[in-house]
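A single structure is presented below for examination.
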Amino acid sequence: MQLKKKQSLAELLAVATGVLLTQAPKSALAIAEDLDMDISYMEYREDERVRVREMDVGVKWYYNDDNIFSGKVITDSITGATPSGALKPPSAASQTLTTPSGVGGATGFGGSTNNYLQPLVDFVDRRVAVFAGWDHTFDRLYRGNVNAVFSNEDDYQSYGLNLGGSREFNNKLTTLEAGVGGSYDLITAADGIQKEFGNVLDDRPDAYEDGEKMTIDLGVSLTQILTRGSLIKVGTSHGLVRGYLSDPYKVVTVVDAVTREPQNYYHEKRPNDHRRSAIFADYNRLREFEDVVSVGYRFFWDDWGIKAHTLDMRYRHDLRGTQYITGHVRLYKQSAADFYHAYLDEAKNQDPEIGSNPPSYASADYRLDDMTNYTLGAKFGMSGSLGNVFVRYEIMRQIGTHGDYRQLTAQLFQVVWTLDFVKQ
Amino acid sequence: MKKLSFLIFMSFATLSGCANMKEFYAPPEPWERDLLAQDKMIIGGHPAEAGTDDHVYFSKEAASIGHTIGGGGCGCN
């Protein structure tokens, strides 16, 4: 009787193994012809400032069990107005002298009759970015990937290459990932790159031809499965950027601090090196086998004196059928860069050309100021025979501390349609 | 008696601590990973959404490294 039981168990195992073996090629066939496509449209709008329309198409081709190829094309058009860094003039009279990016709007420096620079200037720009990637599984535990990116704007080109790898441990409960990314950027501003701390109203005698910068980033992360419905990822990233790091369209104003009367405008000057670091943690947890709570935190610091905290929280609630909604809250706070100046004070001899005590670097870019950002968002998604679709809306409120344009409200709308092509 | 009460209290505390601990750390067996395999459990969310957010915040804030490295540079306004 006992022997008979053993035989039947062996038979069962044989049958089970046979089923697995006979099913494997079918599974591989399905995977070999699996293709995902993402189509995304995004509209971003700031109150009375920048407006962006963006269209993305991404494809992921599961070539076989070991190789995934991916590609993506992003096109966007940007219009609107952005702060140049110039202070608002004390009187209503002003003149547009420069454009921040791309073509369109007013051009050229000089020719001013009242020596005021327009603090908010119109611009137009377009961007096309192309991504290509290859993800390869070396064996059961090791994976590697390589991604290339090329991005082109009217006045900016970027070439990047990222390499990454991962190793699973601990019965695949733990995954260690590492990556390195490098990029080369070429800045070709509409009127040429200007001399840093060059007087804007000069006739550009020292204009550079192009600006260049190199970036290298390193990242390491560890993902740990905690329970049947929760996991955590912790990691750190470090980066070095070197080259022309100023914004060719941003200026700093030298003012009489009492009357706020602008005395001179200079092209901003930032250091030629930027070392950046971050640590982060992300936690996902399933509730009641359906809803998902996601919490993420990042701490960023750099050698420009900026420290930033980011807290990101999402709650996804599954509705009936295949529909769901997600709520999103994001809080961000940063300290100012050491060289951020809303303006330079003539009385303190800070004029870069004629002052006796000019700063080594100065930028009035509002993005380098002390700042707090709040984002609220909502998303609705559903699955059907035509794939998965989600739409989302986000509103961001940005509150700086100094400068004339320290407050910003932006709204974002995005719709993403994911199609799965699997040959049966 | 006081000693016994303390022991009982400590036992309950330890047991309830273990129960809470299991809520946050009880690694699943290989055949129990169906829930984690769902797209909604991917850390960072949908790539199209994450990519858009990265680009927006990269353009509007000073902190520009963290969850991802590399990416398409831009002269953002």
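The values are calculated or read from the model by the stated rules, or taken from the named source; none is laboratory data. Since we're looking at a predicted model, the values are computed, not measured. Virtual Cβ from ideal backbone geometry, glycine too; neighbours counted across all protein chains shown. Note: areas computed on protein heavy atoms with side chains; ligands, DNA, RNA excluded. Shrake-Rupley method; radii C 1.70, N 1.55, O 1.52, S 1.80 Å.
Can you confirm whether A:GLY165 is out of contact with any Cys (no Cβ under 9 Å at 6 or more places or on another chain), facing another protein chain (nearest Cβ under 9 Å) and in a strand (DSSP E or B)?
no
Please find, among A:ILE399, A:ILE395, A:ILE354, the residue that is over 24 Å from B:ALA63 (Cβ atoms) and more than 11 Å from chain B (Cβ to nearest Cβ).
A:ILE354
Another question, if that's okay. Just one of (1) outside any loop (DSSP other than H, G, I, E, B); (2) in contact (Cβ under 8 Å) with a residue 12 or more places away in the chain trips up A:PRO359, so point out which.
Evaluating A:PRO359 over (1) outside any loop (DSSP other than H, G, I, E, B); (2) in contact (Cβ under 8 Å) with a residue 12 or more places away in the chain leaves (1) as the failure.
Look through A:VAL254, A:VAL258, A:VAL220 and report the one residue that is over 24 Å from A:HIS402 (Cβ atoms) and of a type in the set (Val, Ile, Thr).
Being over 24 Å from A:HIS402 (Cβ atoms) and of a type in the set (Val, Ile, Thr) holds for just one of A:VAL254, A:VAL258, A:VAL220, which is A:VAL220.
Could you check region A:303-315 and list, in sequence order, the residues that are in a strand (DSSP E or B) and either open to solvent by 20 Å² or more (accessible area, probe 1.4 Å) or modelled with pLDDT under 95 (or both)?
Residues satisfying the conditions are A:LYS307, A:HIS309, A:LEU311, A:ASP312, A:MET313, A:ARG314, A:TYR315.
So which residues in region A:267-312 are within 8 Å of chain B (Cβ to nearest Cβ) and of a type in the set (Lys, Arg)?
A:ARG276, A:ARG298
Inside region A:316-326, can you point out the residues that are over 22 Å from the mean Cα position of the chain (by Cα) and surrounded by 13 or more Cβ atoms within 10 Å (Cβ to Cβ)?
A:ARG316, A:HIS317, A:ASP318, A:GLN323, A:TYR324, A:ILE325, listed by residue number.
Now, a different point. Hey, could you check region B:32-47 for residues that are within 24 Å of A:ASN171 (Cβ to Cβ) and outside any loop (DSSP other than H, G, I, E, B) and say which is farthest from the other protein chains (Cβ to nearest Cβ)?
B:ASP39
Does A:ARG298 satisfy the criteria of being under 30 Å from A:LEU245 (Cβ atoms), outside any loop (DSSP other than H, G, I, E, B) and in contact with a Gly (Cβ under 6 Å, 6 or more places away or on another chain)?
yes
A further question on this structure: Taking A:GLU177, is it among the acidic types (Asp, Glu) and modelled with pLDDT of 95 or more?
yes
Examine region A:409-419 for a residue that is in contact with a Leu (Cβ under 9 Å, 6 or more places away or on another chain), closer than 26 Å to A:ARG51 by Cβ and more than 9 Å from chain B (Cβ to nearest Cβ), and state whether such a residue exists.
Yes, because at least one residue in region A:409-419 is in contact with a Leu (Cβ under 9 Å, 6 or more places away or on another chain), closer than 26 Å to A:ARG51 by Cβ and more than 9 Å from chain B (Cβ to nearest Cβ).
How many of the residues making up region A:340-349 are in contact with a Ser or Thr (Cβ under 9 Å, 6 or more places away or on another chain) and either surrounded by fewer than 19 Cβ atoms within 10 Å (Cβ to Cβ) or away from every other protein chain (no Cβ under 12 Å) (or both)?
Residues flagged as in contact with a Ser or Thr (Cβ under 9 Å, 6 or more places away or on another chain) and either surrounded by fewer than 19 Cβ atoms within 10 Å (Cβ to Cβ) or away from every other protein chain (no Cβ under 12 Å) (or both) within region A:340-349 amount to 5.
Restricted to region A:237-254, and to residues that are part of a strand (DSSP E or B) and either small (Gly, Ala, Ser) or open to solvent by less than 40 Å² (accessible area, probe 1.4 Å) (or both), which residue is farthest from the other protein chains (Cβ to nearest Cβ)?
In this case the residue turns out to be A:VAL254.
Conditions first: (1) at the interface with chain B (Cβ under 8 Å from one of its Cβ atoms); (2) within 27 Å of the chain's Cα centre (by Cα); (3) surrounded by fewer than 16 Cβ atoms within 10 Å (Cβ to Cβ). A:SER230 passes all but one, so which condition is the exception?
Only one criterion in (1) at the interface with chain B (Cβ under 8 Å from one of its Cβ atoms); (2) within 27 Å of the chain's Cα centre (by Cα); (3) surrounded by fewer than 16 Cβ atoms within 10 Å (Cβ to Cβ) is unmet by A:SER230, namely (3).
Would you check which residues across region A:170-179 are under 14 Å from A:GLY235 (Cβ atoms) and open to solvent by 40 Å² or more (accessible area, probe 1.4 Å) and list them?
Matches in region A:170-179: A:LEU176, A:GLU177, A:ALA178.
Just for region A:270-301: of the residues that are at pLDDT 95 or above and among the basic types (Lys, Arg), which one is most open to solvent (accessible area, probe 1.4 Å)?
Looking at the filtered set, the residue picked out is A:ARG275.
Any chance you could count how many residues in region A:152-204 are over 30 Å from B:ASP34 (Cβ atoms), among the hydrophobic types (A, V, I, L, M, F, W, C) and under 27 Å from the mean Cα position of the chain (by Cα)?
Residues in region A:152-204 being over 30 Å from B:ASP34 (Cβ atoms), among the hydrophobic types (A, V, I, L, M, F, W, C) and under 27 Å from the mean Cα position of the chain (by Cα): 8 in total.
Out of all the residues in region A:351-359, is one or more open to solvent by 20 Å² or more (accessible area, probe 1.4 Å), of a type in the set (D, E, K, R), at pLDDT 95 or above and farther than 24 Å from A:MET313 by Cα?
No - not one qualifying residue is present in region A:351-359.
Please identify the pairs in which a residue from region A:391-419 that is open to solvent by 30 Å² or more (accessible area, probe 1.4 Å) has its Cβ atom under 9 Å from the Cβ atom of a residue that is modelled with pLDDT under 95 and of a type in the set (Phe, Trp, Tyr), counting only partners at least 6 apart or on another chain.
Matching pairs, first to second residue: A:HIS402/A:TYR343; A:HIS402/A:TYR366; A:ASP404/A:TYR366; A:TYR405/A:TYR366; A:ARG406/A:TYR366.
Related question: Of the residues A:VAL329, A:VAL422, only one is exposed (fewer than 15 other Cβ atoms within 10 Å of the Cβ) and touching a residue at least 60 places away in the same chain (Cβ under 8 Å); which?
The unique qualifying residue is A:VAL422.
Can I ask one more? Are any residues in region B:48-75 within 20 Å of the chain's Cα centre (by Cα), modelled with pLDDT of 90 or more and at the interface with chain A (Cβ under 7 Å from one of its Cβ atoms), and if so, which ones?
The one that is within 20 Å of the chain's Cα centre (by Cα), modelled with pLDDT of 90 or more and at the interface with chain A (Cβ under 7 Å from one of its Cβ atoms): B:GLU49.
What number of residues within region A:130-162 satisfy the criterion of being part of a loop (DSSP other than H, G, I, E, B) and crowded, with 16+ Cβ neighbours inside 10 Å?
Of the residues in region A:130-162, 2 are part of a loop (DSSP other than H, G, I, E, B) and crowded, with 16+ Cβ neighbours inside 10 Å.
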